[in-house]
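Encoded as structure tokens, the structure appears first; notes follow it.
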Amino acid sequence: MTARDNELGAFLRASRARVQPADAGLAGGVSGRRVRGLRREEVAVLSGVSADYYARLEQGRERNPSAQVIGAIGRALRLAPDAREHLYRLAGLNPGLGPDRSRDLVHPSLLHLLEAFPRAAAYVLGPAFDVLAANPVADALLSPFGDERNMPRILFTHPRGKAVFAEWELLQRSTASALRLNAGRFPDDRSITALVAELGEASPEFRALWDAHDVGSLTRAFKVFVHPGAGRIELTYQTFDVVDAPGQLLLVGTPEPGSRSEEAVAQLASGAEPA
């Protein structure tokens, strides 16, 4: 069985490797251990299942765990809410949404909402983090990338990604984690599957982050752009789920009032090049 066939096992192994015995309330240090993090037997004890059962689950030989068992394992591995949700989905207990091309369509009311942020960068992302719609400020900030409108491609393969995003590595990590979360939520989304395969071939950085099995939502974030015309622009982003289009996200980035970034954003909104 390949890792691709046993995503649950790969996720469990990566997750237990990140938990230190002391953090899980186990006595003893890490000296003499041949594996990072927790052993299988320790996860089994903490979860209240037999070591053999947990081993079969991690190896892909047990395919029908109960919600109670998965919940106990999630607590033993100290998983954050997004990671627990991902664990349930991998175990088949919270099925992902099936194909729905409406996720790629932006509702007209949402397009009008983008226009309500004239002094902010606002855009809508699809499940594979394609920019489906953007206001003038967001378009201006993304202009260095030409016609490319997929954020993971920009961050992992575009030659200007590292130059434009000052905190490039941090954004790479958060984007890979959020894309893995969406891969669990929408397992039949071909755009996600194709993107993961493409980036896995093209980017060693993406491949390493993907193999780490970190999962997490795109939440509030501080981003620094180094725009070729506008210079350094610092924005605080808030992320909102689009309820009537599962998988779509509205992101709004605002500058600090009275800052140089606010002046630059205002001039980008007007179409003028900042001085």
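The values are calculated or read from the model by the stated rules, or taken from the named source; none is laboratory data. Here the structure is a predicted model, which is why all the values come from computation and not from measurement. Neighbour counts are summed over all protein chains in view; Cβ atoms, including those assigned to glycine, are modelled from backbone coordinates with ideal geometry.
Quick look at the values:
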read-out	value
Qualifying position, being surrounded by fewer than 15 Cβ atoms within 10 Å (Cβ to Cβ) and either among the small types (Gly, Ala, Ser) or farther than 27 Å from LEU155 by Cα (or both), among ARG56, ARG75, ARG39	ARG75
Answer from SER217, SER191 - the residue that is part of a helix (DSSP H, G or I) and at pLDDT below 95	SER191
Only listed residue being in contact with a Lys or Arg (Cβ under 6 Å, 6 or more places away or on another chain), small (Gly, Ala, Ser) and either under 15 Å from THR175 (Cβ atoms) or without any contact (Cβ under 8 Å) to a residue 12 or more places away in the chain (or both), chosen from GLY258, GLY200	GLY200
Unmet criterion (only one of (1) in a loop (DSSP other than H, G, I, E, B); (2) hydrophobic (A, V, I, L, M, F, W, C); (3) surrounded by fewer than 16 Cβ atoms within 10 Å (Cβ to Cβ)) for ALA128	(3)
Near pairs, Cβ below 9 angstrom, 6+ apart or cross-chain, from region 167-187 (farther than 16 Å from PRO204 by Cβ) to any residue that is in a helix (DSSP H, G or I) and of a type in the set (Asp, Glu)	SER177/ASP82; ALA178/ASP82; LEU181/ASP82; LEU181/GLU85; ALA183/GLU7; GLY184/GLU7; GLY184/GLU85; ARG185/GLU85
Single residue of GLY25, GLY32 found to be under 20 Å from VAL69 (Cβ atoms) and either at pLDDT below 90 or among the charged types (D, E, K, R) (or both)	GLY25
Residue check for ARG56: assigned to a helix (DSSP H, G or I), farther than 28 Å from GLY231 by Cβ and in contact with an Asp or Glu (Cβ under 6 Å, 6 or more places away or on another chain)	yes
Residue match in region 223-238 (condition: surrounded by 18 or more Cβ atoms within 10 Å (Cβ to Cβ), in a loop (DSSP other than H, G, I, E, B) and at pLDDT 95 or above)	no
Output for region 131-172, where each listed residue is basic (Lys, Arg), part of a helix (DSSP H, G or I) and surrounded by fewer than 16 Cβ atoms within 10 Å (Cβ to Cβ)	LYS162
